[in-house]
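K.L.:
This structure is in structure tokens; I'll ask about it shortly.
The values are calculated or read from the model by the stated rules, or taken from the named source; none is laboratory data. Keep in mind that this is a model prediction, so the values were computed, not measured. Cβ placement follows ideal geometry from the backbone for every residue including glycine, while neighbour counts extend to all protein chains displayed. All accessible areas refer to the heavy atoms of the entire protein, side chains included, with ligands and DNA or RNA removed. Shrake-Rupley method; radii C 1.70, N 1.55, O 1.52, S 1.80 Å.
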Amino acid sequence: MAEDNYWRRYSRRTVRRRSFIAGGAAGLTALMAAAAGCSSGKNNTTASTNTGSNARVAGTVAPAPPTAQALATADPALANAKRGGTFNIDQADEPISLDNHRQETPGSIQAANLVYNHLLRRAEDFVAAPGIIYVSDELASGWEQIDKLTYRFSLVKNAKWHNVAPVNGRVFTADDVKYSIDRMRGSDPELRTRSAWAPVDKVEAPDPYTVVVTTKQPYAAFTAIAGHTWSIIMPRELADTPDVNRKAIGTGPFIFKDWQSGVALHFDRNPDYFRSGQPFFDHVVMRVVPDLGARTANFRAGETDIWGGSPPTIPFSTIDDMKNAVPDVNEIKRTGSNNSGTKAFFNTTAAPFNDKRVRQAFLYGADYDSMIKIFGGLAQRAGPMPLASVWGLKEADFPKTDVAKAKALLEAAGYTADKPLRVKTTISRQYAGPAVSQILQQVMKPVGVTVDIDQIEDTAWITQVYRGGQNYQMTSFGDWSWEDPDRGLYAYFHTDGNANNTHYTSTQADALLEQQRGEFDVEARKKIVRDLQLLLVDDAPNVWLVSTGTDELSRKRLHNYKQMQMGNQNSYREWENCWFDPIPST
Amino acid sequence: MAAIDSIARDDRALFERTTTAYGVAAWPLSVLRFCRRKPLGAFGGAITLALIVMAAIHPWIATYDPNAINPNEVLHGLSGQHYFGTDNYGRDVYSRVVYGAWASLEVSIVSVAIGTAIGTAIGVLSGYFGGAVDMVLQRFVDATLAFPGLILAIALVGLVGPSVKNVSIAIGLVTFPSLSRIVRGPVLSIKAQPYIEAARSTGANSLRIMLRHVLPNIVAIVIVVSTARFGAAILVESSLSFLGLGPPPPTATWGSMLSGDAIYIMQTAWWLAFFPGAAITLVVLGFNLFGDALRDVMDPRLRGRS
């Protein structure tokens with residue numbers, strides 16, 4: 001039902017009368033300009049000459065009205081929305097920092113995205129629908145690509161920062177966008193955004209409500225990056241201080257109130273949000289509940305409205321039982337969703353995984369069929385990009401389990417039956433670490449590889465292993481991937497990528513990563529990305545195991561809820577569109 | 001934690017009653033007599049014995065590899081193949097419970113050994129030398145006692161990382177202080193005995209006196225207190241495992257079998273939590289009953305009653 005509202009909303013958006021007239025007017029102006037011969041040269045290569053997703057963007061929403069009025073009017077899908085109530089989220093992992101430019105753990109993203117806005121927003125679910133469209137649905141009221149290197153954003157005029165010191169409700173302007181983009185592409189090695197924003201050459205703010213971004217090279221993923229969860233727009237008053245980790249002041253739907261470590265984060269409705277009438281919840285409480293049993297009990301007791309996840313921690317049969325126990329729920333199932341890929345992750349600079357043959361022994365040795373069976377109904381092979389996305393490889397592209405070949409590879413690398421390979425996987429208790437590792441340990445046994453599990457504290461794991469530490473052999477966990485291959489692969493596998501935690505180096509992969517970055521034609525880019533993925537699968541800095549699929553239940557009183565809490569990074573921003581009916585009494 | 005506190009209380013009561021009971025004469029009682037006098041204690045002893053036997057022969061009575069996953073039998077109920085059903089990875093719960101007995105016993109033996117060794121050593125030194133040594137050691141014990149046991153164990157394991165070794169050490173370190181108190185009392189009175197003076201007059205040094213004359217006289221007390229400790233150690237180990245601080249996966253321990261997955265799947269698969277839970281309850285009950293009975297028969301004032 002919620003899905004219906006969603007699509008109706010977008011279909012109406014495209015035919016809105018105001019947009020149509022404005023678009024027509026813009027077109028007419030352009031025609032007249034062309035007729036008068038006022039414009040010439042390469043700047044005239046407008047977005048319409050591009051093909052693929054960008055062209056679709058330009059065709060649907062780029063010539064948006066220059067005013068913010070259209071966005072301020074209530075969306076028809078939200079006509080029945082009711083205001084009130086406290087929305088409770090049980091978050092498994094506590095945020096590490098509220099500065100999304102530096103932290104991208106699920107908890108950190110979830111919390112910060114309630115408070116901050118972005119320039120653009122992804123309009124389509126890249127798993128369910130194969131197109132990828134970035135719309136001017138947040139702080140940009142419209143955008144256009146002037147040429148291969150230049151983008152112009154017009155900004156909403158009624159956005160204000162939250163009325164909290166030190167920003168004190170000042171008006172949001174182009175200068176804030178310029179500041180934030182410059183921050184994201186800064187030189188701080190801690191920045192997770194650095195690689196993705198590095199192609200940006202300069203950011204200009206010709207007037208308070210216009211931002212012009214020029215890239216150094218054609219950058220196909222630019223809109224995806226501008227609409228990405230971590231590309232939050234921050235105020236300099238806060239972002240320049242160390243407070244930014246524990247505090248958030250944004251332009252977004254909810255105002256950050258407090259953060260009690262290990263307990264909860266509290267948010268209040270932003271009464272001055274630039275979309276009038278929104279959001280609908282009066283308060284949002286994000287409780288830190290690492291224990292699955294407690295999260296389950298809270299859902300059963302009606303304290304939370306969403307629950308679910310991926311096997312084997314949550315076998316699908318238990319979700320069916322929950323449906324019987326709590327009848328008034330909607331269910332959203334996803335195959336190959338982007339958060340549920342499990343992987344073995346190697347440190348390619350240290351023995352034994354600096355030897356490609358040892359990594360490949362895992363690739364050929366792992367028993368994928370068994371894993372798929374254990375994970376149950378929605379499971380399938382996992383790849384560098386989710387198989388269900390437009391960029392994904394096909395099942396047939398992956399090598400099948402071949403224990404004999406794996407053994408031969410190990411033997412060639414010097415690990416024989418007399419001197420078998422013994423490795424240590426350093427894991428966290430979160431991110432499905434224990435589940436994936438215990439299964440991996442068993443499926444590698446027939447190959448003669450002993451995998452010892454070393455479970456360390458969550459934060460230590462993030463900083464020492466996942467964040468590019470050198471003192472680990474391998475790790476294994478459930479990871480999520482991203483909508484755009486540049487975002488999903490460049491930072492992780494380019495020699496200079498800022499999240500290259502496997503320390504992987506390949507001139508061939510570097511070349512392909514650069515090539516796809518500059519390719520605007522979607523079909524051509526798909527080909528490059530495919531070659532790149534085949535190379536990565538074979539080189540095996542990671543061995544992608546199985547994508548488990550996700551299944552989520554939401555209470556029917558929660559309206560307009562349409563995506564996995566974790567299954568789709570974009571969904572964090574959708575809480576402003578959700579409401580309760582009836583409003584739970586708390 | 002409550003278990004530790006109550007054990008500590010029991011220890012104190014025991015200390016009061018046994019200060020005069022060193023050198024217990026009626027040891028050993030015949031097993032038969034023990035069973036007749038203390039049927040509950042005998043029941044506890046039987047459970048304890050069963051646990052030890054199970055742990056000793058666990059590789060032979062387990063029907064499957066406890067860590068082997070089986071994709072075709074995920075979350076199967078009780079059957080002839082899987083007496084206690086299978087878990088969400090298709091592992092045999094019966095085999096895991098059996099292996100868990102070994103893990104629990106391993107941790108409890110090591111931790112009780114550590115706790116007893118340190119506790120006895122501190123107690124004897126402190127009681128024997130008295131004065132400044134007593135003052136320093138007992139204030140250290142006071143400081144350690146001021147921490148709630150489980151919290152201290154969590155902190156220790158959190159600091160050094162979870163493993164069988166570290167968990168055992170942590171539990172041992174949590175349990176030694178109260179034992180040292182219990183030991184110190186009898187040592188004080190033994191020190192005043194004429195045979196100690198006689199030993200000293202023959203030229204025996206302090207170490208020899210402590211080892212040859214003091215220690216044998218407090219062994220009975222130490223044995224009784226340690227037996228009761230096993231139950232508490234198993235409980236703390238289970239609590240740590242439940243909190244994810246026990247021996248790391250895939251080690252089958254009762255506490256870890258109870259944690260996370262099992263608790264919330266209970267509706268679907270009750271056997272996941274039931275069997276390890278029942279095992280913990282039974283074994284802790286067994287150790288406590290046995291320990292209590294042992295204390296009673298070794299206390300001359302209680303002997304012959306009940």
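K.L.:
Expressed as a whole number of Å, what is the distance separating the alpha-carbon centroids of the stretch A:74-103 and the stretch A:321-336?
P.N.:
Cα centroid to Cα centroid, the span is 21 Å.
K.L.:
Work out, step by step, the length gained on full extension between A:ASN163 and A:ALA297: first 0.36 nm times the residue separation, then minus their alpha carbon distance; give nm to one decimal.
P.N.:
44.6 nm
K.L.:
Right, here's the next one. Averaged across B:67-75, how many Cβ atoms of other chains sit within 10 Å of each residue's Cβ atom?
P.N.:
Neighbouring Cβ atoms belonging to other protein chains average 6 per residue here.
K.L.:
Hey, another quick one. Report the accessible surface area buried between chains A and B, summing both sides, using a 1.4 Å probe on protein heavy atoms only, in Å² rounded to the nearest 100.
P.N.:
The summed interface area works out to 2200 Å².
K.L.:
Counting only the heavy atoms of the protein chains, how much of B:SER259 is accessible to a 1.4 Å probe, in Å² to the nearest 10?
P.N.:
20
K.L.:
In addition: What figure in square angstrom, to the nearest 10, would you give for the accessible area of A:LYS400 with a 1.4 Å probe?
P.N.:
140
K.L.:
Which whole-number percentage describes the relative contact order of the stretch A:485-570, with Cα contacts under 8 Å and a sequence gap of 6 or more?
P.N.:
This gives 18 percent for the stretch A:485-570.
K.L.:
Which pairs break 18 Å Cα to Cα here: A:LYS373/A:LYS405; A:LYS333/A:LYS400; A:LYS343/A:LYS405; A:LYS419/A:LYS445; A:LYS343/A:LYS562?
P.N.:
Cα-Cα > 18 Å for A:LYS373/A:LYS405; A:LYS333/A:LYS400; A:LYS343/A:LYS405; A:LYS343/A:LYS562; rest within.
K.L.:
At 1.4 Å probe size, put A:TRP143, B:TRP270 in order of accessible surface, largest to smallest.
P.N.:
Output order, biggest surface exposure first: B:TRP270, A:TRP143.
K.L.:
What percent do you get for the relative contact order of the stretch A:82-226 when only Cα pairs under 8 Å and 6+ apart count?
P.N.:
Across the stretch A:82-226, relative contact order equals 19 percent.
K.L.:
With the cut-off at 1.5 for a/c, could you classify the stretch B:21-159 from its C-alpha gyration tensor as rounded, prolate or oblate?
P.N.:
Judged from the Cα gyration tensor, the stretch B:21-159 comes out oblate (a/c at least 1.5, b/c at or above a/b).
K.L.:
For Cα pairs less than 8 Å apart in space and 6+ apart in sequence, what is the mean separation divided by the residue count of the stretch A:251-301, i.e. the relative contact order in percent?
P.N.:
Relative contact order comes out at 32 percent.
K.L.:
Any idea how far the Cα center of the stretch A:261-296 sits from the one of the stretch A:144-202, in Å?
P.N.:
Spelled out, the Cα-based centre of one part sits 25 Å from the other.
K.L.:
Using heavy-atom solvent-accessible surface (probe 1.4 Å) with all chains present, what is the largest-first order of B:LEU294, B:LEU207?
P.N.:
B:LEU207, B:LEU294
K.L.:
A follow-up question, please. Specify whether the C-alpha gyration tensor of the stretch A:356-406 places it in the rounded, prolate or oblate class, a ≥ b ≥ c being the square roots of the eigenvalues: rounded for a/c under 1.5, otherwise prolate if a/b is larger than b/c and oblate if not.
P.N.:
Taking the square roots of the gyration eigenvalues as a ≥ b ≥ c, the stretch A:356-406 is oblate.
K.L.:
Report the label-to-label distance for A:VAL326 and B:THR63 in nanometres (one decimal), using points 7 Å from each Cα along the Cα→Cβ vector.
P.N.:
According to this spin-label approximation, the distance is 3.5 nm.
K.L.:
Still on this structure, I have one more. Order A:HIS162, B:HIS213 by their accessible area, 1.4 angstrom probe, all chains in place, largest first.
P.N.:
Accessible-area ranking of A:HIS162, B:HIS213, largest first: B:HIS213, A:HIS162.
K.L.:
If you average the C-alpha positions of the stretch B:113-166 and of the stretch A:470-545 separately, how far apart do those two centres end up, in angstrom?
P.N.:
Between the Cα centres of the stretch B:113-166 and the stretch A:470-545 lies a distance of 52 Å.
K.L.:
Please say if the stretch A:237-384 is rounded, prolate or oblate, where rounded means a/c under 1.5 for a ≥ b ≥ c the square roots of the C-alpha gyration tensor eigenvalues, and otherwise the choice is prolate for a/b larger than b/c and oblate otherwise?
P.N.:
Cα axes put the stretch A:237-384 in the oblate bin.
K.L.:
Just to be sure I understand the model, the point goes 7 Å from the Cα along the line to the Cβ. What's the resulting A:SER187 to A:ALA412 distance in nm?
P.N.:
4.4
K.L.:
Please work out how much accessible surface A:SER187 shows to a 1.4 Å probe, ignoring ligands, DNA and RNA, in Å² rounded to 10.
P.N.:
Rounded to the nearest 10, that gives 110 Å².
K.L.:
State the extension gain, in nm to one decimal, for the chain segment bounded by A:GLU395 and A:LYS333, taking 0.36 nm per residue of separation less the distance between their alpha-carbons.
P.N.:
Result: 20.3 nm gained on full extension.
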